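Worksheet: one structure, shown below.
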Amino acid sequence: MDIFLLFISAIFVNNILLAQYLGNCPYLGCSKEKSVAIGMGAAVLFVIVLATVITFLIQKYIMNPFHLGYLQTIIFILVIAALVQFVEMFLKKMVPPLYKSLGIYLPLITTNCAVLGVAILVQRKEFDLWTSFLYAIAASVGFLLAIVLMAGIRERFVVTRIPRSMQGVPSGLVMAGIMSLAFLAFKGMIA
Amino acid sequence: MIAESVITLFGLGFVSASVLSVASRLLAVEEDPRIEVVTEALPGANCGGCGFAGCEAYATAVLKDPSVPPNRCCAGGPDVAKRVAELTGKAAGDVEPMVAFRRCVKVEGKVARKYDYAGATTCAGAKLLDGGPDACRYACIGLGDCVRACPFDAMWIEDGLVHIAPAKCTSCGTCVRTCPNGILEIIPRRARVMVFCSSKDKGKAVKDVCEAGCISCGACVKKCPAKAIRMEDDRIVIDHKACLAYGPSCEEVCVKSCPRDILRCLKPEYIAPAPETEPAHFPEESHVVDLNA
Amino acid sequence: MGSVASEFTKGLWKEIPPFRLVLGLCPTLAVTTSAENGLGMGAAVIFVLALSNVLISLVRSIIPKKVRIACFIAIAASLVVAVEMLMQAFAYPLYQQLGIFVPLIVVNCIILGRAEAFAAKNPPHLALADGLGMGIGFTLSLTFLGSLREIFGAGTWFGHSLFGPNYHPFSFLVQAPGAFVCLGIILAGMNFLSIWQAKRKGLELDPNFDAGCKGCMACKKMDEIAAQKRLERLGAKA
Amino acid sequence: MMEIVRMIVVLSLITGTAGFVLSGLKVWTSPIIESQVLTYVQGPAIKQVFSDMANDPIADRKKFPKPGGGPEDQVIVFPILKDGKLKAVALEGAGKGYGGDVNVIVGVDTSTDTVVGISITTHKETPGIGSRVSEPGFTKQFRGRTLAQAKLKKEGGAIDAISGATFSSIGASEAVKQVTSWYTALKDSIKTTWQ
């Protein structure tokens, strides 16, 4: 039941994109094509889960014993950057098909604030390892859902008359606002 | 505390840099070095005119797949084709010249209309609304998605129907990929006969919506002595290779057998190779397949 | 490259982030629930951006190309940690308000975007001008957006009540959807201005005027991937 | 090979320097941060418990060794003074609630050894259910209780748990119990410190 609640809360109520504003750049950049959105979402899911678990272990076994909590930001981001680059090289060599579908998005993920955001959030919420792992999955599924839905809508934008000044990013943002409004409705589920 | 911080961060930098540099050595992927050379030779516009996803994809394909010709790059023209041919060891000239062709004769009144469309002026947009304003789901919608997509300015809309200027067409296939109804096709410039309908409906359904469409009677299939015509999904497919190999001795019996006048001989102006120099203004008659001929 | 003055002023209007260069959207959307938060976030970004630009410009010649991004991130991250500590020490309520978005400055594409696009190629004094200009432009935008949302969404400005107790705040604006819609409409307004100006002067409109994150390599790459995927999809259909 | 060495050296040097500078900054700012945190997190809670204070308990705070803790564990005691004399003290305790620790500031009158009041500083309870422990309806019950009474009824005290939020109530009560045990152990040294 708790796990169910965690998932519902992270995917719908506190959607990482639409309610917590994390990961907006890829959201707007990648949502023009549904296949790209799925690829990006899956890559983000992969990286978020991996990064959250690794940074959690580093926090627990290196930073906490030495009282280095204040270096959290710099240590986390360096670990994430190195991890992403390593995974990219690894996939390219060892699993080329996976590289073709996910790997091309990896270089774009280092600066995705959703990854660092989730890694820091689970520390601030003081989750244990298992809950952190589940939360990472739930949050990135929420990201995937939002970005794929958005791409589905934005594909239709191509065939719609939109005023010149609203084309591109502005219409994407307003669209995101309307989606966020729709997601607000899920707040009623948990109160 | 200072010592711990310095050591931890120094160690982190050291470890990540070492892991990455070692990994970049161990996990380096060997790519065919020629791919890069061929990609360099291409214009790098990533226009997709060749039918591949970008210049690098074409370079890879042309090196690996023997059936991919070296002259597919429309943006680069003959110079690039020559260079690619040199790099790949393929002959530049042994490729059948092709041209885009519209498989539809929808003209005013021949196709019934379901409704008047007043939405966004794109075919894809109209297609979203109950399959388009025409009763025939395979008719040219005529809102010009292909015209806008054509990188060579070889198409235009007239009377709600797309027209192709063969002299300008480079058979890049962009229009074929754009058309939501799939009525465009790339055919050999030497092709002798062609079918002017792309409907996959059965005879009765076609008769209901179009005065001119193919009713899938199969007469042409039976008559063709070269067995170059077949039906796929109630849609005529012509094997131009077999047709051209058989030669003109059949006297186009298929055209004569067609009860709906939907199989026609192509005008020589259309099928002739593009002239070397482009005329300033293309004469009205020669740039389109004349439907009333 | 231009003079110090021109590098400084371009960040204030011509390339003002995030309205012109669509950079750093996450904090822009998240912390602008009030003018004060926007200003505070902006101040932190000015500090990090100006210093990281200068530092990167100073060490640009010794950084090997392959670990370029990692070095930029390390420099930006240490500045962010510094800001975090200073903010906790001297502006604790603001730190509480901005929450997780203070550490997230490090992944704000404005930092890496400027490092990559400008600081890595220019001498320190120009990099400083660019960083300060961009930072101040960012602060102005954030404060503007924050003011807009606070004034109409809560009826206050910098915490001072504006319309008296009878005002019914349009609280949609201070919630998540309001942030998206508000920024979207401002961006559209900027585009409208560009189009109108081009028309009035009879000039050709810059076709890339709304191309989005110009300074951010990630977005460029994403557009390329999207174009390629589209071709692949259409190719498969044909 | 040279390139790899250079990569490693440059990156480690940058991170190492960052570590040095940042730890220096940390040493300088940590006392300021500590007092800031106390002012903005514990400060309002203390003010809520003691409505009239002549001194600034945050500035006058003192650390005492934690009873039953290791040699480095410490407890912060905030004194409430009147005319320079100790009137009451405030301590912060923590108890495990439903979602995590419930942190509670407890004010204890040093002359009568009774609870002056409690105030919740931070908690992670479910909004609307467990979060009711921070509402006056619950916290008011502790006012004027003796140390022995300041626990839930089922443990022999005088406090009603919030129905439907038993775990949160237990958390708050545990926190109060922790403070009362610390206070009992430290009472003498507290009194000698401030007279």
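The values are calculated or read from the model by the stated rules, or taken from the named source; none is laboratory data. Treat the numbers as computed from the prediction; the structure is a model and nothing was measured. A quick note on method: Cβ atoms are made from the backbone with ideal geometry, for glycine too, and the neighbour counts reach across all protein chains shown. Each accessible area value is taken on the protein alone, full model and side chains, heavy atoms only, with ligands, DNA and RNA left out. Shrake-Rupley method; radii C 1.70, N 1.55, O 1.52, S 1.80 Å.
Structure values in brief
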{"quantity": "Odd one out for residue B:161, checked against (1) open to solvent by 20 Å² or more (accessible area, probe 1.4 Å); (2) more than 14 Å from every other protein chain (Cβ to nearest Cβ)", "calculated": "(1)"}
{"quantity": "Qualifying residues in the stretch A:8-22 (those that are within 7 Å of chain C (Cβ to nearest Cβ) and open to solvent by less than 10 Å² (accessible area, probe 1.4 Å)) - the one nearest to residue A:174 (Cα to Cα)", "calculated": "A:18"}
{"quantity": "Filtered residues of the stretch A:89-112 (kept if open to solvent by 40 Å² or more (accessible area, probe 1.4 Å), aliphatic (A, V, I, L, M), more than 8 Å from every other protein chain (Cβ to nearest Cβ) and farther than 24 Å from residue A:25 by Cα)", "calculated": "A:95"}
{"quantity": "Of all residues in the stretch D:79-94 being among the small types (Gly, Ala, Ser) and at pLDDT 85 or above, the one that is farthest from residue D:136 (Cα to Cα)", "calculated": "D:88"}
{"quantity": "Residues satisfying the stated conditions in the stretch B:121-154, i.e. among the acidic types (Asp, Glu) and without any contact (Cβ under 8 Å) to a residue 24 or more places away in the chain", "calculated": "B:130, B:153"}
{"quantity": "The stretch C:105-120 residues that are within 15 Å of residue C:46 (Cβ to Cβ) and part of a helix (DSSP H, G or I), paired with ones that are open to solvent by less than 10 Å² (accessible area, probe 1.4 Å) and among the charged types (D, E, K, R) (beta carbon under 8 Å, 6 or more apart)", "calculated": "C:114/C:130; C:119/C:130"}
{"quantity": "Meets criteria (under 24 Å from residue C:186 (Cα atoms) and open to solvent by 10 Å² or more (accessible area, probe 1.4 Å)) for residue C:176", "calculated": "yes"}
{"quantity": "Pairs, first touching a residue at least 40 places away in the same chain (Cβ under 8 Å) in the stretch D:50-62, second surrounded by fewer than 15 Cβ atoms within 10 Å (Cβ to Cβ), C-beta under 9 Å, six or more apart", "calculated": "D:62/D:193"}
{"quantity": "Residue identified as open to solvent by less than 20 Å² (accessible area, probe 1.4 Å), farther than 19 Å from residue C:6 by Cα and at pLDDT below 90 among C:162, C:98", "calculated": "C:98"}
{"quantity": "Counted residues, the stretch B:193-211 - those being crowded, with 21+ Cβ neighbours inside 10 Å and not β-branched (Val, Ile, Thr)", "calculated": "7"}
{"quantity": "Matching residues, the stretch A:1-45, being in a helix (DSSP H, G or I) and of a type in the set (Gly, Ala, Ser)", "calculated": "A:9, A:10, A:29, A:35, A:37, A:39, A:41, A:42, A:43"}
{"quantity": "Tally of residues being touching a residue at least 24 places away in the same chain (Cβ under 8 Å) and open to solvent by less than 20 Å² (accessible area, probe 1.4 Å) across the stretch B:107-120", "calculated": "1"}
{"quantity": "Check on residue D:46, β-branched (Val, Ile, Thr), open to solvent by less than 30 Å² (accessible area, probe 1.4 Å) and assigned to a helix (DSSP H, G or I)", "calculated": "yes"}
{"quantity": "Tally, over the stretch C:192-226, of residues that are at pLDDT 85 or above and in contact with an Asp or Glu (Cβ under 8 Å, 6 or more places away or on another chain)", "calculated": "0"}
{"quantity": "Extreme residue, farthest from residue D:7 (Cα to Cα), among residues of the stretch C:61-78 that are open to solvent by 10 Å² or more (accessible area, probe 1.4 Å) and more than 8 Å from every other protein chain (Cβ to nearest Cβ)", "calculated": "C:61"}
{"quantity": "Some residue of the stretch D:163-181 being assigned to a loop (DSSP other than H, G, I, E, B), open to solvent by 40 Å² or more (accessible area, probe 1.4 Å) and modelled with pLDDT under 85", "calculated": "yes"}
{"quantity": "Residue tally, condition within 7 Å of another protein chain (Cβ to nearest Cβ) and either outside any helix (DSSP H, G or I) or of a type in the set (D, E, K, R) (or both), over the stretch B:1-28", "calculated": "3"}
{"quantity": "Considering residues of the stretch C:26-52 that are open to solvent by less than 10 Å² (accessible area, probe 1.4 Å) and more than 21 Å from residue C:81 (Cα to Cα) only, the residue farthest from the other protein chains (Cβ to nearest Cβ)", "calculated": "C:35"}
{"quantity": "Per-region count, the stretch C:79-121, residues among the charged types (D, E, K, R) and at the interface with chain D (Cβ under 9 Å from one of its Cβ atoms)", "calculated": "0"}
{"quantity": "Matching residues in the stretch A:53-83 - criterion: being of a type outside the set (A, V, I, L, M, F, W, C) and either open to solvent by 30 Å² or more (accessible area, probe 1.4 Å) or within 10 Å of chain B (Cβ to nearest Cβ) (or both)", "calculated": "A:60, A:61, A:64, A:65, A:67, A:69, A:70"}
{"quantity": "Odd one out for residue B:38 among (1) modelled with pLDDT of 80 or more; (2) open to solvent by 40 Å² or more (accessible area, probe 1.4 Å); (3) more than 14 Å from every other protein chain (Cβ to nearest Cβ)", "calculated": "(2)"}
{"quantity": "Residue, least open to solvent (accessible area, probe 1.4 Å), within the stretch A:23-47, restricted to residues that are of a type in the set (D, E, K, R) and within 7 Å of another protein chain (Cβ to nearest Cβ)", "calculated": "A:33"}
{"quantity": "Hey, residue A:49 over 30 Å from residue A:168 (Cβ atoms) and touching a helix residue (DSSP H, G or I) at 6+ places or on another chain (Cβ under 7 Å) or not", "calculated": "yes"}
{"quantity": "Filter result for the condition that a residue is out of contact with any Asp or Glu (no Cβ under 8 Å at 6 or more places or on another chain), open to solvent by 20 Å² or more (accessible area, probe 1.4 Å) and not assigned by TED's automatic domain parsing to the domain that holds residue B:241, over B:180, B:151", "calculated": "B:151"}
